[in-house]
Amino acid sequence: MEKKLKILLVDDDLVDRMAVRRSLKKAGVQMDLSEAEDCTRAIAILKEKNFDCVFLDYHLPDHDGLDLLKDIQAIGVKVPLIVLTGQGDERIAVEMMKAGACDYLSKSRVSPETLFQILQNALRIHKAEMEAQLANQRLRETNELLISQNQELEQQRQQIELQNEKLKEVSQLKSDFLAIMSHELRTPMNAIMGFSQMLMLQRHGSLTAKQKQMVERIFNNGQNLLTLLNEVLDFSKIESGSFQLYLEQFDLAALITVTSEELGSLAVGKNLTLQTELQLKNPLVVNDRASLRRILVNLISNAIKFTDSGGVWVEATEISPELVAISVKDTGIGIPEQDLENIFEAFRQVDQSITRRYSGTGLGLAITDSLVKMMKGKIEVESELGKGSTFRVELPRRLER
Ligand code: ADP
């Protein structure tokens, strides 16, 4: 015990106090000793000053030791208490220990050695208790913090869930609206096209050249509108999860050839070459023919649309017996790097302005991407601005049901 200990000795008996004081001094305890002869004085001193230890006689003039101990606890002072008992006061001592005293010593056994020993023990135990209390307090605080953070997280999770639900609802409403609107518009559109076709056949009297030209424009614009409506309808079906693939075995090479031929006139109209290069040892695949045609049409017509000179190449290769790849390459305007990842999103177009040069809904690649995903394949794009783009689709040869 190197530091000077602040000790309070509470005893109404002068002789007993002297005996304790002497023994402590003899034991070599460096101390600043305060003394009190009753409970009232002891409490007053304890309120003024901090102590390292209190020696306490049980029998005091105003109250007993137990009352004092409770008073000390009531004013929130945490200090080790050593009870000094008279002969045969063991029962009282046990009572005091139960109430929170640290140790007890019979006055008849007071000696430098016993006091030193008991003081050392009391200080050690008190220190350990304080440390444990502090650790407990910290643990409680951390626990409370964790609980409140957990509550906050839970609240945030619930909010996100709510927002997700709302978003899903809005998205569903949007899909429903698109589906209904495009479906409803298709019927009058078909009538417009049917009647304009009949007019073009000139069965009910001949048309002037000007009238014929006007009817042809009605028909062509109607066709464009119908394509657009079909795209919107398909997209809303895919988005709502109601679109299904119909699997069958067919010749992929033949499908690519036929589709390229169908779109050939578009390329010719722009003075572009359209070539196919088919390197499939086994051209048979199991997939949804109509959806795969859809992918080819989207990619080839985009390639033609966004190319002003040069050409378009469609290539099919076998990566492995179980994996085939289709590439559509063009020498067109290319896509800026920052737009490469966005172009597969619905309604995304590199040029979003109203006055844009190229027509379209911005749904073609979104539909293509969704279909490729449904087919358990992947789509990639490489592009250089002003030089051209290559879209590459990888698909399993056999799609399982
Ligand atoms: P759109 O109806 O506009 O063609 P898509 O979803 O098919 O919609 O394509 C989205 C956008 O990606 C296009 O508007 C265009 O900006 C860009 N894009 C697609 N294919 C090509 C291509 N071969 N060359 C350059 N840009 C392309």
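Please treat every number below as a calculation from the coordinates, not as lab data. Bear in mind the structure is a predicted one, so any value in this text is a computation, not a measurement. Glycine also receives a Cβ, built like all others from the backbone with ideal geometry; neighbour counts cover every protein chain displayed.
Rank the residues Arg397, Arg203 as a footprinting-exposure proxy: fewest other Cβ atoms within 10 Å of their Cβ go first.
Arg203, Arg397
Skipping prolines and chain starts, which residues have an amide H placed within reach, meaning under 5 Å, of the one on Leu323, given they are 5 or more residues away or on another chain?
Residues meeting the criterion, in which the H sits 1.01 Å from N, are Arg397.
Residue by residue through the stretch 251-267, which ³J(HN,Hα) values in whole Hz follow from phi under the Karplus form 6.51 cos²θ - 1.76 cosθ + 1.60 (θ = phi - 60°), with glycine and proline marked x?
Calculated HN-Hα couplings, in order: 8, 5, 4, 5, 4, 5, 4, 4, 5, 4, 4, 4, 8, x, 4, 4, 5 Hz.
So how far apart, in nm, are the two label points at Leu340 and Lys25 if each is 7 Å from Cα heading toward Cβ?
Result for the modelled spin labels: 9.2 nm.
Place a point 7 Å from the Cα of Leu266 along the Cα-to-Cβ direction; which residues of the stretch 357-371 have their backbone N under 17 Å from it?
Once the point is set 7 Å along Cα→Cβ of Leu266, 357-369 turn out to lie under 17 Å by backbone N, inside the stretch 357-371.
Please check: in the Gaussian network model of the chain (C-alpha springs, under 10 Å), which one of Lys270, Lys25, Lys281 has the largest mean-square fluctuation.
Lys25
Between Glu35 and residues 5 or more places away or on another chain, which pairs have amide H atoms under 5 Å apart, with H built 1.01 Å from N, and which residues are they?
When sequence neighbours closer than 5 places are left aside, the close amide H contacts are Leu9.
In a GNM of the chain with a 10 Å cut-off on Cα contacts, which of Ser240, Ser23, Ser148 has the highest mean-square fluctuation?
Among Ser240, Ser23, Ser148, the largest mean-square fluctuation in the Gaussian network model of the chain belongs to Ser23.
What is the order of Asp308, Asp12, fewest Cβ neighbours within 10 Å to most?
Arranged by neighbour count, lowest to highest, Asp308, Asp12 become Asp308, Asp12.
Among the DSSP beta bridges whose two residues both lie in the stretch 256-353, what percent are antiparallel, rounded to the nearest 5?
55
Rounded to whole Å and ordered largest first, report the semi-axes of the equivalent ellipsoid of the stretch 52-209 derived from its Cα gyration tensor (root of 5λ).
Largest first, the stretch 52-209 gives 98, 14, 9 Å.
Out of the chymotrypsin sites (Phe, Trp or Tyr not before Pro) in the stretch 225-268, which ones are loop residues according to DSSP with at most 16 other C-beta atoms within 10 Å?
Tyr246
At 7 Å along the Cα-to-beta-carbon direction for both Thr317 and Gln213, put a label point, then send me their distance in nm to one decimal.
4.9
Under a straight-distance cross-link criterion of Cα-Cα below 20 Å, which lysines are reachable from Lys3, leaving out those fewer than 8 residues away in the same chain?
Those lysines meeting the cut-off are Lys25, Lys26, Lys49, Lys78, Lys127.
In a Gaussian network model over the chain where Cα atoms closer than 10 Å are linked, find which of Thr273, Thr368, Thr40 has the largest mean-square fluctuation.
Checking each option, the largest mean-square fluctuation is seen for Thr40.
Distance check, please: which entries in Lys237/Lys281; Lys174/Lys270; Lys210/Lys237; Lys305/Lys378; Lys166/Lys329 exceed 32 angstrom between their Cα atoms?
Lys237/Lys281; Lys174/Lys270; Lys210/Lys237; Lys166/Lys329
State the antiparallel share, in %, of DSSP beta bridges confined to the chain, rounding to the nearest 5.
The antiparallel proportion sits near 50 percent.
What's the extension gain from Arg203 to Glu380 if we count 0.36 nm per residue and subtract their Cα-Cα distance?
Between Arg203 and Glu380, full extension yields an extra 58.7 nm.
Suppose R0 equals 30 Å; then what is the FRET efficiency for Thr361 and Arg401 from their Cβ-Cβ distance, rounded to the nearest 0.05?
0.45
Pull up the DSSP beta bridges for the stretch 1-144 and report the antiparallel fraction as a percent, rounded to 5.
5
In whole angstrom, how long is each semi-axis of the equivalent ellipsoid of the chain, when you take the square root of 5 times every eigenvalue of its Cα gyration tensor and sort them from largest down?
The three semi-axes for the chain are 100, 24, 19 Å.
What number comes out for the charge environment of Met200, summing +1 per Lys or Arg and -1 per Asp or Glu over other residues with Cβ under 9 Å away?
Neighbourhood net charge equals 0.
Calculate how steeply helix 90-99 sits against the longest principal axis of the alpha-carbon atoms of the chain, using the helix alpha-carbon long axis, and give the answer as 0 to 90 degrees to the nearest 10.
Its long axis makes an angle of about 30 degrees.
Using θ = phi - 60° and the Karplus curve 6.51 cos²θ - 1.76 cosθ + 1.60, what whole-Hz ³J(HN,Hα) does each residue of the stretch 118-133 get, with Gly and Pro shown as x?
Per-residue couplings from phi come out as 5, 5, 4, 4, 4, 5, 5, 4, 4, 4, 4, 5, 4, 5, 5, 4 Hz.
Name the residues whose placed amide hydrogens come within less than 5 Å of the amide hydrogen of Thr276, ignoring near sequence neighbours (fewer than 5 apart) on the same chain.
Here the answer is Val314, since their amide H atoms fall under 5 Å of that of Thr276.
If you look at just the Cα atoms of the stretch 217-347, how large are its Rg and its Dmax in Å?
Reported Rg and Dmax, both Å: 16.0, 48.
Assigning unit charges at the beta carbon (Lys, Arg +1; Asp, Glu -1) and nothing else, what dipole magnitude in debye, to the nearest 20, does the chain show about its Cα centre?
The calculated dipole for the chain is roughly 1440 debye.
In whole Hz, with x marking every Gly and Pro, tabulate ³J(HN,Hα) for the stretch 161-170 from phi via Karplus 6.51 cos²θ - 1.76 cosθ + 1.60, θ = phi - 60°.
Here the 3J(HN,Hα) series is 4, 4, 5, 4, 4, 5, 4, 4, 4, 5 Hz.
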